[in-house]
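Written out below as structure tokens is the structure these notes cover.
The values are calculated or read from the model by the stated rules, or taken from the named source; none is laboratory data. Predicted model, so just to flag it, every value in this text is computed and none were measured. Cβ placement follows ideal geometry from the backbone for every residue including glycine, while neighbour counts extend to all protein chains displayed.
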Amino acid sequence: MTDNKNSANKDSNNQDHYNHAGMLAFLFSISFVLAFFIYIVAIHPGVDLKENIQAPPVAVAEEKAVDVSKVTEPWVENQDMIKHGAKLYAQNCAMCHGNEGKGDGPTGQALNPKPRNLVEGPWKKGGGYIGLYTVLTEGLAGSSMASYAHFKPVDRWALTQFVNSITKVKVAEDAAKVAAFAKTAK
Ligand code: HEC
């Protein structure tokens, strides 16, 4: 009995020794961590990650307005006009006709008739530059496709060019005929 008790005391004394060493190791690591923390927060100059926060993401840069004010013949295909049209489309048409023109915009789903799938067609007014521009100017009677006559002609031509660029239902048109139409169109 007594022997057991003594050996138990001896064991716990030994454990105290181990804990002492453990405590020293603990204090050492804590002070190391603290010193490192203070170094990082207060002393280290920081790392240049070469991130240029000023530069806009590519997507935003692409949506930047295109200046079409110097385009003299807006009915002639031109990449700047198509880009300008894409921007106007995203702002004014995508809610009904969908981001990709597939007739699946959120606002359009409850409409009857539904917004046209501009990629697949078909066209009530014949499509092509003349048909598309006519729809944008006059709208489509009996539907929620409104007239966009309040848009400047250059903007309606930009929308025409953009829709024509995404549709599979292209129409062969005589350039001279389009030009003659454009000069009399509102
Ligand atoms: C309020 C929803 C709505 C908005 C906004 C809208 N449309 Fe439409 N659009 C329609 C509907 C509905 C039709 C189909 C009408 C029909 O079938 O008679 C249509 C049809 C069309 C057609 C088919 C023309 C044809 O000859 O058949 C074109 C092209 C078109 N829209 C282009 C546009 C463009 C470009 C814009 C943006 C400037 C636009 N739409 C904005 C609802 C909309």
Quick check on my filter: what residues within segment 104-121 are surrounded by 15 or more Cβ atoms within 10 Å (Cβ to Cβ), near the ligand (Cβ under 8 Å from one of its atoms) and in a loop (DSSP other than H, G, I, E, B)? Gly105, Lys114, Pro115, Arg116, Leu118
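Hey, does segment 125-135 have a residue that's of a type outside the set (Asp, Glu), within 9 Å of the ligand (Cβ to nearest atom) and touching a Leu at 6+ places or on another chain (Cβ under 7 Å)?
Residues of segment 125-135 that are of a type outside the set (Asp, Glu), as a first pass: 125-135.
So of that shortlist, the ones also within 9 Å of the ligand (Cβ to nearest atom) come out as 125-127, 131-132, 134-135.
Checking the rest, the ones that are also touching a Leu at 6+ places or on another chain (Cβ under 7 Å) come to none.
Looking through segment 125-135, none of the residues is of a type outside the set (Asp, Glu), within 9 Å of the ligand (Cβ to nearest atom) and touching a Leu at 6+ places or on another chain (Cβ under 7 Å).
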Reported set for segment 76-103 where residues are over 15 Å from Ala146 (Cα atoms) and part of a loop (DSSP other than H, G, I, E, B) is Val76, Glu77, Asn78, Gly98, Asn99, Glu100, Gly101, Lys102, Gly103
Residue count, segment 136-163, condition near the ligand (Cβ under 9 Å from one of its atoms) and touching a helix residue (DSSP H, G or I) at 6+ places or on another chain (Cβ under 9 Å), comes to 11
Residues (within 11 Å of the ligand (Cβ to nearest atom) and either free of Cβ contacts under 8 Å to residues at least 40 places away in the same chain or in contact with a Phe, Trp or Tyr (Cβ under 7 Å, 6 or more places away or on another chain) (or both)) located in segment 164-186: Asn164, Val169
Given the conditions (1) farther than 18 Å from Asp155 by Cα; (2) within 8 Å of the ligand (Cβ to nearest atom); (3) under 25 Å from the mean Cα position of the chain (by Cα), report the number of the one that His97 does not fulfil. (1)
Kindly evaluate Ala179 against the criterion of being of a type outside the set (Asp, Glu) and farther than 22 Å from Val76 by Cβ. no
Within segment 35-75, work out how many residues are part of a loop (DSSP other than H, G, I, E, B), over 29 Å from Ala185 (Cβ atoms) and at pLDDT 90 or above. 0
Listed by first then second residue, the pairs whose first member lies in segment 109-123 and is at positive phi and assigned by TED's automatic domain parsing to the domain that holds Gly139, whose partner is exposed (fewer than 14 other Cβ atoms within 10 Å of the Cβ) and assigned to a loop (DSSP other than H, G, I, E, B), with beta carbons under 8 Å and at least 6 positions apart or on separate chains, are Gly121/Lys168
Here is a list of conditions, (1) in contact with a helix residue (DSSP H, G or I) (Cβ under 6 Å, 6 or more places away or on another chain); (2) on the phi < 0 side of the Ramachandran plot, and Gly101 meets all of them except one; can you say which number that is? (2)
